[in-house]
Amino acid sequence: MDMASESYSASNAVDGLHLEILRDGKTVQVPMNELPTFQFEDGDEISLLPESEASKWPLTEFGARHVYVDGQAYRIPRRYIIAEYKGFSLLEDLVELTGGGMGNFAQIAQMHLSIYHTYLGLRPDMTVLEVGSGIGRDAFEFIDYLNSDGRYIGVDITRDSIEWCRRNITSRHPNFEFHHFDSKHEMYNPLGKCSSLDFVLPAEDNSVDRIFLTSVFTHLFEEEITHYLKEFARVLKPDGLVYASFFLYEPVAVAHAAKQPTGLKFRHPYSDGFFIDSPEIETAAVAITDEAMTRMIGRAGLTNARPYLRGFWSGITDGAHFGQDAAILARATSPSNDVAFGLLPSDFDGELYLRLHPDVKQAGMNPGDHYLIHGRREGRRYR
């Protein structure tokens, strides 16, 4: 990442800069004061010039230059590419910020929703909140799932993604709302004006059924994560649940990862229970020990609703549910079993389920887990 200066302000001069747009073989010169209203077109190739002045502004690893124009931060990608998806015109540059491109955009979203159904339980009338909602990858799946009584709240630190979602999703689906939080982050929002510690979730106390965040705690450290967790405890309903992905630092996974030719290694200790993959970009990938996770979860007034779900990031695929590890969290004062959380039917009989389905007993699986993961989808009897 090119970070020519550690400090930027709205007063930094962009007078000497301009955009050069290559469009259909022709060059278009755009003064910086026209950037806020300029209409980019599919296929535009964008340069911020002259390079000697442009290099004074932060360049993130995703290839975008970040500048201030009239007191507002703007993210300038190298190319403006439109991709059609479910009747929406997505910006590929913003899609890439979700951790994948258009090639697996739908697949990952569908996998997320399947995981949420399996391990948290969903109803169409729930209020769900996603931290790191991006350009709406998971929101598109919830559009097809939530009914008119359901509500989706998305939060992200990338302003362009939030504004796109407001213009394109909220305008069609008013029960979907999106909020920008201008938190500074070296990879995603280097000109942010706030800290994560200033963050307040846009929801009332005890109002949210489910909270989801994927690849958020993988880029944060203890003080910020603890603050987020405390906010989750505040807004969760008594029977609410959180799905939070992270990298679990444990000897077996780290040793296995070290043998892989590529991928994450987490060789660099950062703080108590935190390890980083890259000293150059500390927040690029962060791993957390069980002790550190337990410490933060407890301080926030939350608890693990079940053992961690394991990921295959280290190359260990046995028992993995997805790429990253994940914690399923509940308020510490909440019930701690699947029936109380509303995941299993209130009249579920585990012993009867094993008698009705001897293959489950033979496989050594917990009857409740089997029903949630397989039996419900297969229509198996439980009473």
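Data table
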quantity	calculated
Matching entry among H117, H173 (being at pLDDT below 95 and assigned by TED's automatic domain parsing to the domain that holds G240)	H117
Unmet criterion (only one of (1) part of a helix (DSSP H, G or I); (2) modelled with pLDDT under 95) for M296	(2)
Extreme residue, farthest from R306 (Cα to Cα), among residues of the stretch 347-377 that are buried (at least 17 other Cβ atoms within 10 Å of the Cβ) and at pLDDT 85 or above	H357
Where a residue in the stretch 48-64 is free of Cβ contacts under 8 Å to residues at least 60 places away in the same chain and at positive phi and its partner, wherever it lies, is part of a helix (DSSP H, G or I) and of a type outside the set (S, T, N, Q), with Cβ under 9 Å and at least six apart	G63/D93; G63/E96
Count of residues meeting criterion [touching a Lys or Arg at 6+ places or on another chain (Cβ under 6 Å), assigned by TED's automatic domain parsing to the domain that holds M32 and surrounded by 14 or more Cβ atoms within 10 Å (Cβ to Cβ)] in the stretch 58-104	4
Condition check for V128: in contact with a strand residue (DSSP E or B) (Cβ under 6 Å, 6 or more places away or on another chain), closer than 30 Å to Y371 by Cβ and either among the β-branched types (V, I, T) or not assigned by TED's automatic domain parsing to the domain that holds D42 (or both)	yes
Test: residue in the stretch 132-148 that is in the same structural domain as Q107 (by TED's automatic domain parsing), out of contact with any Cys (no Cβ under 8 Å at 6 or more places or on another chain), under 23 Å from A292 (Cβ atoms) and modelled with pLDDT under 95	no
Residue count, the stretch 284-305 (criterion: surrounded by 17 or more Cβ atoms within 10 Å (Cβ to Cβ) and either within 14 Å of E223 (Cα to Cα) or outside the structural domain of V252 (by TED's automatic domain parsing) (or both))	7
Residues that are assigned to a strand (DSSP E or B) and not basic (K, R), drawn from the stretch 15-31	H18, L19, E20, I21, L22, T27, V28, Q29, V30, P31
Test result for D125, over 22 Å from N175 (Cα atoms) and among the acidic types (D, E)	no
Test result for P307, outside any strand (DSSP E or B), at pLDDT below 95 and within 22 Å of the chain's Cα centre (by Cα)	yes
Residue in the stretch 322-346 that is farthest from V286 (Cα to Cα), counting only those that are modelled with pLDDT of 80 or more and part of a loop (DSSP other than H, G, I, E, B)	A332
Any hit, the stretch 98-105, residues being among the hydroxyl-bearing types (S, T, Y) and either over 16 Å from the mean Cα position of the chain (by Cα) or under 20 Å from Q72 (Cα atoms) (or both)	no
Lone unmet requirement of (1) at pLDDT 95 or above; (2) out of contact with any strand residue (DSSP E or B) (no Cβ under 7 Å at 6 or more places or on another chain); (3) not polar (S, T, N, Q) for A284	(1)
Any hit, the stretch 76-93, residues being more than 26 Å from F105 (Cβ to Cβ), charged (D, E, K, R) and modelled with pLDDT under 95	no
Filtered residue count, the stretch 183-208, keeping only those that are closer than 20 Å to T226 by Cβ and either among the aliphatic types (A, V, I, L, M) or not assigned by TED's automatic domain parsing to the domain that holds V131 (or both)	5
G319 being assigned to a loop (DSSP other than H, G, I, E, B), in the same structural domain as F232 (by TED's automatic domain parsing), of a type outside the set (D, E, K, R) and modelled with pLDDT under 85	yes
Selection count where residues are under 20 Å from R75 (Cα atoms) and among the hydroxyl-bearing types (S, T, Y), scope the stretch 115-164	3
Listing of strands (runs of 3 or more DSSP E) fully contained in the stretch 122-202 that carry 2 or more residues being surrounded by fewer than 20 Cβ atoms within 10 Å (Cβ to Cβ) and under 18 Å from the mean Cα position of the chain (by Cα)	176-180
Subset of the stretch 117-152 [more than 30 Å from N189 (Cα to Cα) and without any contact (Cβ under 8 Å) to a residue 60 or more places away in the chain]	H117, P124, D125, D144, Y145, L146, N147, S148, D149, G150
Verdict on F62 being part of a loop (DSSP other than H, G, I, E, B) and hydrophobic (A, V, I, L, M, F, W, C)	yes
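The values are calculated or read from the model by the stated rules, or taken from the named source; none is laboratory data. None of these values were measured; they are calculated from a predicted model. Using ideal geometry, Cβ is built from the backbone for each residue, glycine included, and neighbour counts are taken over all protein chains shown.
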